[in-house]
Each structure stands twice: as C-alpha cells, then as structure tokens.
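Enquirer: First the structure, then my questions, so here it is.
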Amino acid sequence: MYGCAVQLDWLNAEANLREEVLAQCAQLTPELAFKWLAVEPRRGELDFAPADALADLAAKHGKTLRGHTLIWHRGTPAWAEASLRADKDWTLLERWLASIMPRYAASVSEWDVVNEPIETGHRQDGLRQSVFLEAFGPDYLRRALEAAHALAPRARLMINEYDLEYPLQEQRDRRYCLLKLAERLKAQGAPLHGVGLQAHLDLRKGHIDAAAVTRFCRELAGMGLVLRVTELDVKERDYAAPAAERDRRVADETRRYLDAVLAEPAVLGVSTWGLSDRHSWLTVGADDYARFPGAWTHDDGPGLNRGLPWDAALRPKPMRDAIRSALGAAQAQKS
Ligand code: XIL
C-alpha cells in the first residue's frame, strides 16, 4: 500500500497535484491538520475544520487516513505544555484524545498515539525528556495507549519514530531503546499494535545498514507488532551533481531501504512525506548553499531537495519506480 502526507491547502490550490495524489495513494496522512498544535492553538478553541475537510476528501475518494499524531513534543500547543508542566494533570491529555479520536472513528483506523518518544544520551531507558515524561513519568506511554484504546477500541495503535536506519552509534542506540520500549509495553499488556518507521533517509549519513534494518523489523514483528514506513523521504548530500545523478542516488538509497524493510512481511505499506519535491519539508538550507557555492545555475536550478517520488513539475522520478517495484516484489512474495 502506498500513501503520502498532504496539506489540504495545496491539494485545493493545485488541481494537478490533487489529481496525482488521488491517483497514486491509497492512504493519506495529514501533514499538520491532526496535530494538537493545529487543532487547539488556544485553549478551548478547537478548530476541526481542516481535519474534517481532509476526512471528507478521503471518504469521498475511498482513501484511508492515518491519524498522525496525538502526542508529540513538537506538536503540542505552548499553553498545553505550560499547563502540563504546572499541573501534571492527566485529564488534559485525555480530553485532547477524547476530542479527536471518536470524531474520526469512521475515517481513521490507525493512530500514531505517541510520536518520537526516543532520545538517546540522557536516560538509561532512552525515553525523550519531553513534557509528557516530565509530568507523568515513563508510564505515560502505557497510559496513553490505554486511553486511546478505550476511545477507539478497533483502531490500530502505533508509536512512530525516526533515525533507525544508519550504522551510527546513536541510531544503534535508538533501535535498541525502541525495541526495549516495545518489549516493556507488550509485557505490561499495553494496547500497542504497531510501530511506524518514519524513514527520513539522509545521504549525508552514508548508506543505510540493510542487515540491521531487517533484523530490527524482524524483532518488532516477533513481538506481534505490525510495521509501516510512515514518512519516507531522502535528504540529499550533494546538490551540485546533475539532476539525473541526484535522482539516481535518491532512488538507490530508497531501494536499499525498502528492500531491507520489506523483507519483513509484517510491513503494511509505505508512505512518503509528501508526493512532489515542490512541497517537501526538506528545504535546502543555508549550510547546504555554503557547501556548494556556484552550483546553482545548472539546468534544474537550485533550491529544492529532490527527495520525493515526483519532481516539482509532477514528473515521476526514479524514486517512484524504486517504491513501486519494491512494493510489487513484496506483494508477490506474500501471495
Ligand atoms: C513536520 C511537517 O512536515 C512540517 O510542515 C511541520 O512544520 C513540522 O512537522 N516527523 C513527523 C512529522 O512525525 O509530523 C513532521 O512533520 C516531520 C518529522
């Protein structure tokens, strides 16, 4: 199953993008609309209009919607963070879950309950020192899953995490900590059903560790968890190479990664974090420009990272073919 993250404004403003997204994707992920920060920027003023509109679009076109994301240290409004720190009031979190989960019971069958709970280098258990950990201790994950399960008893509940791919000590530690976390939660009987692998690949970090990725997926699956690649894209290292070469490098890394992940049959599908390079959160930053002075005049121009399957003019790139063939091969193997 292929899907991508979307912002409804872009789909509304650009008919060709909307058409391509609807033609290509079985599943949509709201890039922003479901985040607490977006829904309730001021206390008590909940605005579900953008999320409702996206749910309507998905329903109209027979697309499933990923519930991304309920509890995220970077997706929490400032007022809520301050309040959680001051009062350590669990009902505040519960009210947020209760406001959004039942509302989308019909359109969302899979929720990222906690996003990015791991951070290495601070605590033995590798839990991120977020406001949630500070307010409620390590048990907040189990409690959040229980609360979510009570509100959406049929939904698949997931933890979604990044930086799990490269042969770097930090990422080895992250994989280990996430496995241990999943193991603890399962041992406690928490309703954790799956793990989302964000997969923001990064050519500046070298190549992914295929054997480690496959092993990691197998261990998670061994706990009875399903997996999904949730936010695939590729940050480039060298913006000075010709566009075709850049596209080849992006596609090669994508293929390497998907072959490693999809070796595990418990992987349900792959979503990219956007469809077209035109709308990627991976922007080319000042540091990138500084590394390639004078490299910005060739054919396809400067400015855009080419790490999504369709280019800025909505032409499919080799990355699209890499995803398609990896998914096709995995499908063939299953049947
Ligand atoms: C990002 C969006 O793409 C940005 O537009 C927004 O400003 C911040 O969030 N991991 C996640 C996603 O789980 O929700 C993030 O999305 C990217 C990193």
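Enquirer: Of the residues LEU22, LEU54, LEU32, which single one is of a type outside the set (Val, Ile, Thr) and in contact with a Pro (Cβ under 6 Å, 6 or more places away or on another chain)?
Expert: LEU54
Enquirer: Of all helices (runs of 4 or more DSSP H) completely enclosed by segment 6-103, which ones contain at least 2 residues that are of a type in the set (Ser, Thr, Tyr)?
Expert: Filter on segment 6-103 gives 90-100.
Enquirer: Restricting attention to segment 97-108, does a residue exist that is away from the ligand (no atom under 14 Å from the Cβ) and closer than 17 Å to LEU141 by Cβ?
Expert: So far as segment 97-108 goes, yes, one or more of its residues are away from the ligand (no atom under 14 Å from the Cβ) and closer than 17 Å to LEU141 by Cβ.
Enquirer: Within segment 71-88, track down each residue that is within 25 Å of LEU181 (Cα to Cα) and either within 19 Å of the chain's Cα centre (by Cα) or free of Cβ contacts under 8 Å to residues at least 40 places away in the same chain (or both).
Expert: Once the filter is applied, which keeps residues that are within 25 Å of LEU181 (Cα to Cα) and either within 19 Å of the chain's Cα centre (by Cα) or free of Cβ contacts under 8 Å to residues at least 40 places away in the same chain (or both), segment 71-88 yields ILE71, TRP72, HIS73, ARG74, GLY75, THR76.
Enquirer: Right, something else. Restricting to segment 249-285, and then to whatever is small (Gly, Ala, Ser) and closer than 21 Å to THR64 by Cα, can you tell me which residue is nearest to the ligand (Cβ to nearest atom)?
Expert: Among them, the one singled out is GLY274.
Enquirer: A further question on this structure: In this structure, does ASN16 turn out to be among the polar types (S, T, N, Q) and without any contact (Cβ under 8 Å) to a residue 24 or more places away in the chain?
Expert: no
This table checks each residue for (1) in contact (Cβ under 8 Å) with a residue 24 or more places away in the chain; (2) more than 21 Å from the chain's Cα centre (by Cα); (3) surrounded by fewer than 21 Cβ atoms within 10 Å (Cβ to Cβ).
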| residue | (1), (2), (3) |
| --- | --- |
| ARG246 | yes, yes, no |
| ARG256 | yes, no, yes |
| PRO265 | yes, no, yes |
| VAL284 | yes, no, yes |
| TRP310 | yes, no, no |
| LEU314 | yes, yes, yes |
| ALA322 | yes, no, no |
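Enquirer: I need the full set of residues from segment 104-149 which are part of a helix (DSSP H, G or I), of a type in the set (A, V, I, L, M) and in contact with a Pro (Cβ under 9 Å, 6 or more places away or on another chain), in order please.
Expert: LEU133, LEU141, LEU145, ALA148
Enquirer: Filter segment 187-229 down to the residues that are exposed (fewer than 15 other Cβ atoms within 10 Å of the Cβ) and either within 19 Å of ALA144 (Cβ to Cβ) or touching a strand residue (DSSP E or B) at 6+ places or on another chain (Cβ under 6 Å) (or both) and list them by number.
Expert: ALA187, GLN188, GLY189
Every residue, every condition in (1) hydroxyl-bearing (Ser, Thr, Tyr); (2) away from the ligand (no atom under 16 Å from the Cβ); (3) in contact with a His (Cβ under 8 Å, 6 or more places away or on another chain), yes or no:
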position: TYR2; (1), (2), (3): yes, yes, no
position: VAL6; (1), (2), (3): no, no, no
position: ASP9; (1), (2), (3): no, no, no
position: ASN12; (1), (2), (3): no, yes, no
position: ARG18; (1), (2), (3): no, yes, no
position: VAL21; (1), (2), (3): no, no, no
position: PRO30; (1), (2), (3): no, no, yes
position: VAL39; (1), (2), (3): no, no, no
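Enquirer: Another question about this same structure. Among (1) within 18 Å of the chain's Cα centre (by Cα); (2) away from the ligand (no atom under 14 Å from the Cβ), there is one condition PHE48 misses while meeting the rest; what is its number?
Expert: With respect to (1) within 18 Å of the chain's Cα centre (by Cα); (2) away from the ligand (no atom under 14 Å from the Cβ), PHE48 is out only on (1).
Enquirer: A follow-up question, please. Would you mention how many residues in segment 60-99 are surrounded by 18 or more Cβ atoms within 10 Å (Cβ to Cβ) and of a type outside the set (Gly, Ala, Ser)?
Expert: Adding up the residues that qualify gives 16.
Since every read-out is calculated from the coordinates, none of them should be taken as a lab result. Just so it is clear, the model here is predicted, and its values are computed rather than measured. Note that we place each Cβ from the backbone using ideal geometry, even for glycine, and neighbour counts take in every protein chain shown.
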